[in-house]
Ligand SMILES: C[S@@+](CC[C@H](N)C(=O)[O-])C[C@H]1O[C@@H](n2cnc3c(N)ncnc32)[C@H](O)[C@@H]1O
C-alpha cells in the first residue's frame, strides 16, 4: 500500500523552485571557475562596455566560447548586457569578488573545487558501491587550487592567526623552531619564513609535486631559513624538537590522524604549541544546519578529504569531523590544554591551540 496521505502542494512547489535554483547555481559555479581560470573576469574588469569579439581578443580566447560563457554570465546576472550596441560589462561591485586583484576576496577561486570534484565523480560513485577511496593521484589540479585557496585564506590572515597563540609573534621574532605538517605548496610557511628571518622553518608533505613548488618558491624569494621534505607525517620521528607545529587544514584528511597527532605531541618541546587550523563546525550533523556553507563542506569531504583518507585504508574522518571530536582527539594525543578560537568574519575555520602543559603547570 502506498502512502495515502495527501502531499503538501506548496511544499512541493517550493522544493521544485529550490531544485531549479540548484541547476542554475551549479551551472554558474562551473562557468565562474572557467571565468577565473581563463582570466576573463580580470580582462573584463579592465574594459568598458565591450563586444564579445573585443573581450575574446583582449583575453586571447576563442570568441564563440566567450560569447556562450557571456550568455551564462548575463542570464546569471553576473555580467550586464547592453542590447543597443551588443556590449557587455562587469559591474565593479562584482569585479570586487571575482578578480585576481581583489584577492583575498576573490570568491571565484573557491568555485574551482566543484569542477575539480566533478573530475572524480565516476570513481566516487564506484566507492559508494564498493567502499574504498579515491587517491590523491586521481585529482587533476588539487595542489594548484589548494595553493590559491591557502594564499587567500591562511596566508592573507597570518597577521591575525599567529597572535591567537599568546606571545607567538614575539617568540617568532626572537627565533624559534617551527614545523608545518601537511604544508602543501608551502604558501603559509614560506610567508612566515620571510616575515621572521630569525626563526627556522621546516615543512613536511607527502606530495612530491607540492614540495617541489614549496622549494621553488622559497628559492625564488631567497629564503634561507626554510626547508622542505617529502615525508609521511604519521612518522615524524622527531622528539622534543620544535617550539611550534602548525597544521593548516591538514589533519582531517590524514589516513591515520590519531597517530599524526601523537607524533606531533612527541615532536614538540614540553612547552611547545600546536596551532591547528581546521574546518569550523560541529561533529553532529544537526548542529550544522545553520552553518552557512555546510553542504559545500560535506561535499568536498565526501568527494575528497574523506575519500583520500579511505583510499589509503585510513580513518576517513572527513572535513566535518567537528570541534567536539577534534578536541577529544587532541586530548587523547597528550595535549592537556586545548583552546578553540575563531577569527572575526571567518566562519570557515576553527583554530585549535594545544599545549602539553596544562594551565596549572604554566
Ligand atoms: C588540504 S591540504 C592542505 C595543504 C596546506 N597546509 C595548505 O593549507 O595549503 C592537506 C595536505 O596534507 C598532505 N598530506 C596528506 N596526508 C599526508 C601524510 N600522511 N603525510 C604528509 N602530508 C600529508 C597533502 O598532500 C596535502 O598537501
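The values are calculated or read from the model by the stated rules, or taken from the named source; none is laboratory data. Since we're looking at a predicted model, the values are computed, not measured. Here Cβ is always computed from backbone atoms with ideal geometry, including for glycine, and neighbour counts include all displayed protein chains.
Considering 249, 253, the condition of being near the ligand (Cβ under 9 Å from one of its atoms) and within 20 Å of residue 165 (Cα to Cα) is satisfied by 249 alone. Counted as qualifying within the range 162-240 are the strands (runs of 3 or more DSSP E) with 3 or more residues that are surrounded by 16 or more Cβ atoms within 10 Å (Cβ to Cβ), in contact (Cβ under 8 Å) with a residue 24 or more places away in the chain and under 21 Å from the mean Cα position of the chain (by Cα), namely 177-181, 200-205.
Conditions (1) at pLDDT 95 or above; (2) more than 18 Å from the chain's Cα centre (by Cα); (3) in a helix (DSSP H, G or I); (4) within 23 Å of residue 156 (Cα to Cα), marked per residue:
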residue: 247; (1), (2), (3), (4): yes, no, no, yes
residue: 261; (1), (2), (3), (4): yes, yes, yes, no
residue: 269; (1), (2), (3), (4): yes, yes, no, no
residue: 297; (1), (2), (3), (4): yes, no, yes, yes
residue: 301; (1), (2), (3), (4): yes, no, yes, no
residue: 304; (1), (2), (3), (4): yes, no, yes, no
residue: 318; (1), (2), (3), (4): yes, no, no, no
residue: 338; (1), (2), (3), (4): yes, yes, no, no
residue: 345; (1), (2), (3), (4): no, no, no, yes
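On the basis of being surrounded by 16 or more Cβ atoms within 10 Å (Cβ to Cβ), in contact (Cβ under 8 Å) with a residue 12 or more places away in the chain and part of a helix (DSSP H, G or I), does residue 55 make the cut? Yes; evaluated as a whole, the condition is true for this residue. Of all residues in the range 221-229, at least one satisfies being at pLDDT 95 or above and within 11 Å of the ligand (Cβ to nearest atom). Filtered by the rule that a residue be within 14 Å of residue 356 (Cβ to Cβ) and touching a helix residue (DSSP H, G or I) at 6+ places or on another chain (Cβ under 7 Å), the range 250-305 gives 261, 263, 274.
A search for C-beta distances below 9 Å between a residue of the range 6-26 that is under 24 Å from residue 69 (Cα atoms) and any residue that is part of a helix (DSSP H, G or I), counting only pairs 6+ apart in sequence or on different chains, returns 24/75; 26/114. No other residue among 316, 281, 334, 322 is farther than 18 Å from residue 201 by Cα, within 14 Å of the ligand (Cβ to nearest atom) and touching a residue at least 24 places away in the same chain (Cβ under 8 Å) apart from 316.
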